[in-house]
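> There's a structure below that I have some questions on.
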Amino acid sequence: MRYAAKAHAGRAVLETLRETGVDVECASAGEVKRALEAGYGGDRIQYTAVNPPAAALDYVVDAWRDHPE
């Protein structure tokens, strides 16, 4: 099961979901950043942006390298 971060990307919400075993779906680099700050590893984040700006894609790739799990 995955939670769409665009519904509510507050840290407390994401932390609670992570602790209960729910993965997260992020449609922007900002949502990925919030998920990482809430303790998610890259293996539990699905990035689904359509045609993201190059800078956003670079951020997500670099963040995954730094937080693969």
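The values are calculated or read from the model by the stated rules, or taken from the named source; none is laboratory data. All values reported here derive from a predicted model rather than from experimental measurement. Every residue, glycine among them, receives a Cβ derived from its backbone with ideal geometry; neighbour counts consider all protein chains shown. Heads up: the accessible areas ignore ligands, DNA and RNA and are worked out on the full protein's heavy atoms, side chains in. Shrake-Rupley method; radii C 1.70, N 1.55, O 1.52, S 1.80 Å.
> If you go through region 1-27, how many residues are in contact with a Ser or Thr (Cβ under 8 Å, 6 or more places away or on another chain) and either assigned to a strand (DSSP E or B) or at pLDDT below 95 (or both)?
Qualifying residue count, region 1-27: 2.
> Considering each of Val61, Val50 in turn, give the residue that is surrounded by fewer than 16 Cβ atoms within 10 Å (Cβ to Cβ), of a type in the set (A, V, I, L, M, F, W, C) and in a loop (DSSP other than H, G, I, E, B).
Values: Val61 fails: in a loop (DSSP other than H, G, I, E, B).
Among Val61, Val50, only Val50 is surrounded by fewer than 16 Cβ atoms within 10 Å (Cβ to Cβ), of a type in the set (A, V, I, L, M, F, W, C) and in a loop (DSSP other than H, G, I, E, B).
> OK, next. Hey, among the residues in region 10-27 that are under 9 Å from the mean Cα position of the chain (by Cα) and either open to solvent by 40 Å² or more (accessible area, probe 1.4 Å) or of a type in the set (Asp, Glu) (or both), which one's nearest to Val50 (Cα to Cα)? So that I can check it myself, show each step before the final result.
Of all residues in region 10-27, those under 9 Å from the mean Cα position of the chain (by Cα) come to 23-27.
Right, trim to either open to solvent by 40 Å² or more (accessible area, probe 1.4 Å) or of a type in the set (Asp, Glu) (or both) and you get 23, 25, 27.
On the way: Asp23: 20, Glu25: 13, Ala27: 8 Å.
Step by step, filter region 10-27, then rank; the result is Ala27.
> What's the total number of residues in region 28-47 that are open to solvent by 40 Å² or more (accessible area, probe 1.4 Å) and in a helix (DSSP H, G or I)?
Here the count works out to 5.
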